[in-house]
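Derivation of every value follows stated rules applied to the coordinates shown; laboratory data play no part. Since this is a predicted model, take the numbers as computed values, not measurements. Positions of Cβ are backbone-derived with ideal geometry, glycine not excepted, and every protein chain shown enters the neighbour counts.
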Amino acid sequence: MAPEPLGQLTAAITALLGDPVKGMDVVRGGDVADAYRVALAGGRTVFAKTHRAPPLGFFTTEAAGLAWLREAGALPVPEVLAVSDGGDGAPAVLVLEWIQEDHGIAPDDRAFGRALAALHATGAPTFGRVDRRTTGSRGLPNEPCATWAEFYATQRLAPLARLVRDAGHLGHEAASRLSGGLETVAGRVAELAGVPEPPARLHGDLWAGNRLVDRHGRSWLIDPACFGGHREFDLAMMRLFGGYADRAFAAYAEVTPMTPGWEQRIPLHHLAPLAVHAIKFGGGYGPALERALRDLGA
C-alpha cells in the first residue's frame, strides 16, 4: 500500500478518473507542485500534480487556463482529465493527458512562432480575466481593465511593489528601492507601453520550461498563468531566460509584424516576472530587477 500522503493522492486520482492507479513515478522540474507520471490499471498513462498547501483555486485556475489556451486551437495543449482543489482531507490534484517529451528532438521553432501568433490573435474579451481568477503563486489580481497600461500598472506593478517591500530576504534598503522603482514605472506605463493594441490571449508565463517538445518536434504549452494582455508580454518572457531560437521570433513577425520599438520595451515587460522571482527566490533576481528598472529610467 502506498504511504501517506501518497496513498491519499492515488485514492484521489482513482476516484476522479474511475480507473485504479497501478504505479507512480516522480517527475522533476516544478518548483511549487509535486508531479508524477501515473500508470493506470486500464492501460493509460497520465500526468498528475499535487500541492501540499495550495492557494485557493490553485489547480482549478490552472485547468481553466489550459482549457482557454486549448480552445483557441492554435497550439497543442494537454487535455485536462480531472481537477480538484481538495478539501475534507482529500489532496488538491490536477490530472492531464501524458505528453511524451523527446529531449533529443529539436523543436520546430518556426512552426511554434507562427502558432503563437495565431494564439495571440484569437484575442481576449478584456485585459485581465472576466472570471477574475488570481494568477500564480503570488495570487496576483486580474480585474478586467480597459487598457494594457491600466492593467499592467494596477494588476501587476502596484501589487508587486507592495510584495517586494514586504520581502524581508531582499534587505530593507534594496526592497524599498525596488518597490519605489516599480511604483514609479507603474505611473508611467501609458507613456512606456507603445502603441495601444487589443488584448491578446496570453500564456502568461512563457519561459522555455513551460514548453514541452514531443518526438515530432511539436511544442506543447503547459503551466499557464493566463490573462488577456499585450502580446509583447509573452514574447518578452521568452527572451528572459532563453531557450527559444531567433527563428521563432522571426516566424511570429511574419504572421503578425511587431510594433516598432518593441525590443526597447522588453525591460518593461520583464519587471513583473523579475519581481515575482525576486520575491520568491531572492538571489540574483533583485539586481536583475534593478537593472531593468534602471533601463526604464526608474
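Quick check: pseudo-label points 7 Å beyond the Cα along Cα→Cβ at F241 and T122, how many nm apart are they?
It is 2.4 nm.
For the stretch 208-298, how big is Rg over Rh, using alpha carbon atoms and the Kirkwood form of Rh?
0.99
With springs only between Cα atoms under 10 Å apart, run a GNM on the chain and tell me which of L56, L119, L235 wobbles the most.
With Cα springs under 10 Å in the chain, the top fluctuation among L56, L119, L235 is at L56.
What FRET efficiency comes out for the pair A250/E71, r = Cβ-Cβ distance, R0 = 25 Å, nearest 0.05? Mind dumping the intermediate values first?
Values: r = 27 Å, r/R0 = 1.10.
After rounding to 0.05, the efficiency reads 0.35.
Hey, what number do you get for the chain at 222 nm if only DSSP H runs of n ≥ 4 count, each worth -39500 (n - 2.57), divided across all residues, to the nearest 500? Mind showing how you got there, number by number?
Numbers: 11 runs with 118 residues, N = 298.
For the chain, the value works out to -12000 deg cm²/dmol.
I need the trypsin sites (Lys or Arg not before Pro) found in the stretch 9-97, filtered to DSSP loop residues with at most 16 other beta carbons within 10 Å of theirs.
Details: sites: K22, R28, R37, R44, K49, R52, R70; in loops: R28, R44, R52.
In loop regions of the stretch 9-97 (DSSP not H, G, I, E or B), the sparsely surrounded trypsin sites (Lys or Arg not before Pro) are R28, R44, R52.
Report relative contact order for the chain in percent, whole number only (criteria: Cα-Cα under 8 Å, sequence separation at least 6). Let's see the in-between values first.
On the way: 549 pairs, mean separation 51.5, N = 298.
Result for the chain is 17 percent.
Enter the Cα centre distance for the pair the stretch 55-118 and the stretch 283-298, rounded to the nearest angstrom.
Between the Cα centre of the stretch 55-118 and that of the stretch 283-298, the gap is 31 Å.
First check a/c for the stretch 6-97, with a ≥ b ≥ c the square roots of the eigenvalues of its C-alpha gyration tensor; if it is under 1.5, answer rounded, and if not, answer prolate when a/b is larger than b/c or oblate otherwise.
Working: a/c = 1.60, a/b = 1.20, b/c = 1.34.
Oblate.
Under the √(5λ) rule applied to the eigenvalues of the Cα gyration tensor, what semi-axes describe the equivalent ellipsoid of the chain? Give them in Å, descending. Can you show the working numbers first?
Values: eigenvalues 220, 111, 59 Å².
Semi-axes, largest first: 33, 24, 17 Å.
Based on the Cβ-Cβ distance of A146 and E79, what FRET efficiency does E = 1/(1 + (r/R0)^6) give at R0 = 25 Å, to the nearest 0.05?
Efficiency at R0 = 25 Å is approximately 0.15.
With the Cα gyration tensor of the stretch 201-260 giving a ≥ b ≥ c as the square roots of its eigenvalues, does the rule (a/c under 1.5 for rounded; else a/b larger than b/c for prolate; else oblate) give rounded, prolate or oblate? Let's see the in-between values first.
On the way: a/c = 1.69, a/b = 1.16, b/c = 1.45.
Note, shape of the stretch 201-260 comes out oblate.
Give me the number: length gained by fully extending A111 to D25, i.e. 0.36 nm times residue separation minus the C-alpha to C-alpha distance, one decimal in nm. Intermediate values should be presented prior to the final figure.
On the way: separation 86, 0.36 × 86 = 30.96 nm, distance 3.18 nm.
Roughly 27.8 nm would be gained on extension.
Quick one: length gained pulling M258 to D88 fully straight, 0.36 nm per residue minus the C-alpha distance? Please list the in-between numbers first.
Working: separation 170, 0.36 × 170 = 61.20 nm, distance 4.97 nm.
Full extension from M258 to D88 adds 56.2 nm.
Round to the nearest 0.05 the FRET efficiency obtained for D214 and R291 when R0 = 35 Å and r is the Cβ-Cβ distance. Please list the in-between numbers first.
Details: r = 36 Å, r/R0 = 1.03.
About 0.45, to the nearest 0.05.
If you take every residue apart from R239 with its C-beta less than 13 Å away from the C-beta of R239, what net charge results, scoring Lys and Arg +1 and Asp and Glu -1? Walk me through the numbers on the way to the answer.
On the way: positive: R265; negative: E232, D234, D246, E263.
Taking every other residue near R239 into account, the sum is -3.
At what distance in nm do the modelled label points of H169 and L56 sit from each other, each positioned 7 Å from its Cα along Cα→Cβ?
In this crude label model, H169 to L56 measures out at 2.6 nm.
Please compute the Cα-Cα pair-distance distribution of the stretch 177-219 with 5 Å bins starting at 0, giving whole percents from short to long.
That works out to 5, 15, 12, 14, 17, 16, 8, 8, 5, 1, in percent per bin.
On a full-extension model of 0.36 nm per residue, what is the gain between T14 and I99, subtracting their alpha-carbon distance, rounded to one decimal in nm?
28.6 nm
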